[in-house]
Structures are given as structure tokens and as C-alpha cells.
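Presented below is the structure to which this report refers.
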Amino acid sequence: MRPLPPAATLVAVLAAVTPSPTHAQSGYAPDTFEDSVAHLLYAAARANWKSLDESVLRYSALIRQRSATKIRALFRDRTLYHNETAVRAFWERDRQPVVQVLGTRSEYPGRDIAIREGDLDFLEDLPFDRPFDPGSDRLLFGIPDQGNLSLEPEDDEYWLAHPLAEGADSLYRFRSGDTLTLSFADGRRLRAIQLDVLPREADAHRISGALWIEPESGALVRAVYRLSREFDAMRDVPDLEREEERGTFRFIPGLVKPWTFDLTMIAVDYSLWDFKAWLPHSMRVEGEAAAGIIKIPVSMDISYQIESVILAEDEEPDPAAGPDQPFVPPLKHVHFKTRAEAMAFIAKLLSEDEAVDYEALGADEPGLVNSSWMIAPRERHLVEESPHLPPPVWEDAIGFPSDAELERFVEKLADLPAPSVAQAAFGFHWGWARPDLIRYNRVEGPAFGGRLEWALGRRFSLGTAGFFGLADLRPKVRLDLQRSTMQRRLSLGTFHELRPTDPGGRYLDFGNSLNAFLFGRDNGEYYRATGADFTWRPPDGARESFTFRAYAERQSAVANEIDFALFRAFDGDGTFRPNMKADHVAEAGAELRLSPWWGNDPGGVQLGVDLHGRWAMWRVPGEDARTDYRQASLTLRSIIPVAGDGWRRWNLGFEAAAGTTWGDAPVQRSWFLGGGTSLRGYSASVVSGLSFARGRVEASRLFEAGSAILFGDAGWAGDRSRFDSDDILYGVGLGGSVLDGLIRLDFSHGLKGPHKGFRVDLYLDAIL
């Protein structure tokens, strides 16, 4: 008889251990399961989820945990917080867990000050609560409160609809997938079947992912999932939604709205102890929180190294054992009057075993928020020097998912079909409601915009944005059809808009608009563009490490239409410098930008590259003659720590850039140097040309609350065939930043040329 293939074997196992109910017998909606294997597998998984695992009486484990919180910057993600922790947990059924703190270290602004002044003990911000309870939910690793794992909200708190809960068939559909083979050291193998969880509708309370279920027991072996839609606090929290409808938040600037969180991936893995009990192995969590322009990526790893397990069957006598069974002496029982005495005794044993003096801290110790009994070294500094500590979350380490495994998890999520969206899944915002819908520049004056976003389903969305400037009295509009997955964003757009010569300069964003309105400093050079384009970018929530754009558009000149700045209202004419006079051309081409960054450790060396290339051809409308040109630029950036550590260290920063043009390009494709982004100490666009070279060096002293910076810039732009070192401009200055660089103030002075002078520059979105 020919052996069954693995998938057929698993189906046979499922049929043997789980009766095959009809839809009417099961009570599920008729379209809940795409195939019979999914139905059988779901029934087994749900039966296992509802049963309380009483097989594990006690276990001990070495638990290592690491996490990091960053702020998304233009060129890199800046680490704001990171922690590494190692504990040994002693879990026993119906008892409060005991946690031995082996090591922990954290780094974030203000922490060193609080510890130095005695306002903070490391245990007070220890990011560990309690170990995994074998009877708790396995999909979420037992971390959240069980009250938030239902199908209904409680007290208007955020909640998740669990795919195995009663009534989940009204929210999800299921289908079977590939098999997963687990190999063990003794040669034995175990197979699990993939069960895809497909939300019927995209919703911030529903997940989309895959579960791998061991068919015989229904146990969860692995899970990879994400939120099916980004969580928006004002849309998905009933209390905040009602406040928004009443207009409570109308005076909160769009700079810090909306308040969102996207759980982009959770990956959990379990291991089989002695082929008898499934216990946790690892978990990875990735997401991004946002408040308007501030984007905060978050990542966390947890690793369990199980050291010992006592099962219920281990304490029961074996009736089949014969008289030749080896004698096992009974355990010696020690009785204590109080729990505190027992904890002190355990601390003494651990101290003798590891040559570290431990003390016991009760769960009700003042300042502690943990729900476990804690045992920690008396000498607190030892926790930061522990050999048990894992490396930071951005480094590969044994016991945690590798980069290759994480990439496979992302691919698995990307392969899942996109959930449908409700008919009313669209949003409209205008003016003050979002940070990019009000702007001010010397061409438009004050300009107000609106944005409509409409989710079409199957990962497609339609977005349109429009602006109207009160000075130029011209509407601008853009319409984009976008398909967004976990791996990429593809968009096809048509537009009639005002555009800066350097899109990376953010001259139409909040910071430049505020400087233009207050001080008359509009650092952009603008032209009008009308046409269509195709863009390929990284997925939502990821740093813009690459961008490809193909386009065909008509470009024309724009001129100054306003000459007013608040603090220069009585200066007369000449508040703003003239805008460049762009060539009137029809251009088609393609451009590619690659911006990798290496190094996430704030105390280590970091290096970034920005490579940009463009090929295009253009002609003057009404003429047949065509001209083509090519451009390329390369920027190198590095940050090197030279002294100190933590938030009290010195860094050296270097930046070098050069670019050139082959062929005849329109004026608007020139390189412009000057101002804070390229040549401090000089006004914007002080020099320009079809080639350029520039350099920058910074020495910064970091503090918990900000930084002090000494810098120097040098730059040249012009025709590379007529390069003259005497044309290089130099500038030096002092600067400072607060809120980890979000706000920065520079004092600079140009040292050469007729445009040299003293400047004060304020950047309110410097980190972006």
C-alpha cells in the first residue's frame, strides 16, 4: 500500500481525533471555513483553547527580554529608549510566581538624572511583570489582561477579537495551509498545519494572520499575525470618538494628530517539553505609534529557556512499576511561618549558588508595579553587568528570531488575502486637522488644504489632496491610487501642484512654513508641475530606504506672490528673496533613491548612504527638439562616539556629498546650496549649478535633556568644467537641541564671500 503524503496523513489524523460536524451541527456560519481541513483543525484548536492546561504543575525558566523605542527621522531611526532584561522565573500552579532578577539595563532621557538624585530604583521601571501561565491564552503569550480577549469591548478600553472565542465565526473566516515540520534532537519529528485567520472586514479590533496547530492535541505551535487595520484612537475608542464629534479636540494642532498605532507583526513560538507539554519559546512584537508628525517604531523580543518542568504525571505513582524500581528518597520539607521567611530562605540559597548576595522583595514592596515576588541583588550595580543580559533588540542572538526568520514571517503575512473594508471606510480632513494641510510660502501665501482617503479593499486605496493659496489664487490637486502591502507601496497618481526643487528638503512642511510666516525665511525654490507618475516605496511604517519614481509632466515657472512675515511686517519690500525662474518644459523620466542606514546602537558607530540618480528627456512645448540629461548624487553620513557613554557622551558627525549632471538640464534641476540643510551661515540658494560638492562636521555633547553642537560647513556649486577652489564657501556655528532633536536652534556665521553674515535658524521639525 502506497504511503499517504504528509498533508493527507494529517487530514487522517484530524478526522480520527475530531468528529466531522456539519455546518448545521457546529453552529458556524456557512462560509466560515474554506475547506474541511480548516473546519476540523479549528475545532481541535478551539477545544484546546477552552480547556485549562493542568498538566504543568511547576516550571523554572531563564527569560530574556529586550525592547527598543525609536523616533523616525528622515535618514535614520533614532533610538529613544532601549532595555535588556534577564530573569529566572519559578512558576507554580495556584501560587504567586517568584522572579529572580539576574540583570537589567535601560537607557532613555532623564533616567540617569533620576537615579543619581535617588528618585528611581531600577526595579521601579523593570519591564517584566510575571512569567507565562500555562493556563493562559497562548496566542498573546499570556501577556494581556484576559478581559481584553473577548468579542465585545469592556469599559471603552481597547480590545482584540480573539479568533477562537465564542462567536468568532461572525468576524473571521478560516482556511488551511501548508504543514510545518519540527525536528527534535533525538530524531523524532512533529507536524503542524497552518490555519489562516482571515477577518471578514478590516477592523482595528481584528487580527489577520496564520496559526500552526498540532492536529492531534489542537495545541498552538506557532502564530504570526498583525492588526487588520491601523488603530486610530479618535475613531476606535468610543469615549474619544464622542469627544471628537463634540469638537473637544478642534484646538489641538494637526501637528500632533492623529493618534494612531499599528501592530505590524506578532510572532510567537512554542516548544514541546519532553513530548508532553507545550511551553513558550520566543515572541517578537513590532509596531509603530504616531502622534501627527512624530512617528515612534516599537519592537520587543522575549525568549524562554526552560530549565525544569514538573508535570502532574511526574508526582503520581506508576502502578506498572515493579519491585526493582530505584529508590528515590523523599524530599525534605521545610516549613515557614510567613511567605517573607520563605522568600528570604530562597534568596539565601540563590546567593550561595551564584556567589551573589540576593535579597527578597515582596510583591507589595513600595514603588514596585510587578505582580510577582522579586529576588534581586543587594548591590544594584550588578544587574547592569550581568552576563545573562541579551544584546540589544537590533542584534541577532541565540534564542530570538533571526533577521531571516523575521523576513519569512513578513512574507507569510504579505501572502494573506487583504480583508474587505466597510463601505464607509473613508476619511476627510482639512486645514488644522492634519499637520500637512496648512502651509505658508512666498508663492501661495497662506494655503489651506483638504485630504480625502477612501479604502477600496484588496489593499487598494484612493487618496486625493487639494490646496488653495490665498496669494496666487490657484488650486493644486493630486489624485493617487495606491496598493499597500507589508512589503511595498505602489501608487499611480496624477497631479497639478506646487513642487520644491528638492523634495527631501520638506519646504512645504510645517517647519519651513512657520519660519516663512514668522521670519520671512522661505528656503525652498518652487515650480509648477502637471502630469502623472508611478511610485514604488517601502511599506507604511517603514523608513524611506528606497524610492523609485517614473513620471511625465509639464513644468513651468512660478513667482513670488506675497511679501509678508509677522516679525518683518514693517521692513517694507524685500521680505522674501525672489523665487528662481524655472524653464517651461515637458519632461519624462525616472529617478531612484537608495538610502540604507547601518547601526542602531546610540552608543555605537552609525553609517548612512544616500544615492540618487535620474534619467530624463525634455523639450520646450511647441518645439520638436528633445534633450536628455542624467544626474547622480552621493551623500555619506556617519556618527562616531568618541567619549563618555549613555546620554552623557561626545559624538562626531560627518557628512560629505557631491553630485553632477551630464547633458543640458532645465534650471529647476540645478543643485541649490545654502541654509540649514546644506550650508549653514548663508541664506538659502546662495549658490547653484549643475554640479556641487559639500561637507559638514559636527561635534556634539549629549545630555539627558538635549545636546550642544559645534559645527562647520563648506560647499561649492557651479559648472564642474570651471571649478575653482576660491569659490568654496565656509560657515561655522553653535547649536543646541531639545526633545531629542525635535527642536533645534543654530547660531551660524558665513566666513567667505559677499553673502557671509550672522544667522539664527530655528527648526521645529529638525528630527524629521
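The values are calculated or read from the model by the stated rules, or taken from the named source; none is laboratory data. Note that the structure is a prediction, hence the values are computed from the model and not measured. Methodologically, a virtual Cβ is constructed for each residue, glycine included, from the backbone with ideal geometry; neighbour enumeration extends over all protein chains shown. Quick note on the areas: whole protein, heavy atoms, side chains included, nothing else; ligands and nucleic acids left out. Shrake-Rupley method; radii C 1.70, N 1.55, O 1.52, S 1.80 Å.
Quick notes on this structure:
- Trypsin sites (Lys or Arg not before Pro) restricted to DSSP loop in region 613-684 with at most 15 other C-beta within 10 Å: R626
- Region 40-114 and region 377-411 have their alpha-carbon centroids 11 Å apart.
- Computed label-point distance, nm, for sites V256 and S683 using a 7 Å Cα→Cβ extension: 3.5
- Sparse packing (at most 11 other Cβ atoms within 10 Å of the Cβ) combined with a DSSP loop state is found for the following GluC sites (Glu not before Pro) in region 572-638: E623.
- Counting only protein heavy atoms and a 1.4 Å probe, region 667-768 has 43 square angstrom of accessible area per residue.
- Given K50/K257; K257/K476; K70/K581; K476/K756, the pairs whose alpha carbons are separated by over 29 Å: K50/K257; K70/K581; K476/K756
- For region 439-470, applying the loop criterion from DSSP together with a ceiling of 16 other beta carbons within 10 Å to the trypsin sites (Lys or Arg not before Pro) yields R458.
- Value of D in µm² per second that Stokes-Einstein yields for region 491-530, Kirkwood Rh from Cα pairs, at 25 °C (0.890 mPa s): 221
- Net length available on complete extension from V605 to A114 is 174.0 nm, with 0.36 nm assigned per residue and the Cα-Cα distance removed.
- 3J(HN,Hα) from dihedral phi, region 504-516, Karplus parametrisation 6.51/-1.76/1.60, rounded to Hz, x for glycine, proline: x, x, 6, 6, 9, 8, 4, x, 5, 4, 5, 5, 5
- Fully extended contour minus Cα-Cα distance, from W650 to E243, at 0.36 nm per residue: 141.9 nm
- Computed accessible area, Y730, all protein chains, 1.4 angstrom probe, square angstrom: 100
- Residues in region 454-465 carry Karplus couplings, in order, of 10, 7, 9, x, 6, 6, 9, 9, 10, x, 9, 9 Hz; the curve used is 6.51 cos²θ - 1.76 cosθ + 1.60 with θ = phi - 60°, and Gly or Pro positions show x.
- By accessible area with a 1.4 Å probe, ligands and nucleic acids excluded, highest first: order of W91, W650, W273, W597: W650, W273, W597, W91
- Surface exposure of region 414-549, expressed per residue as accessible area with a 1.4 Å probe, stands at 46 Å².
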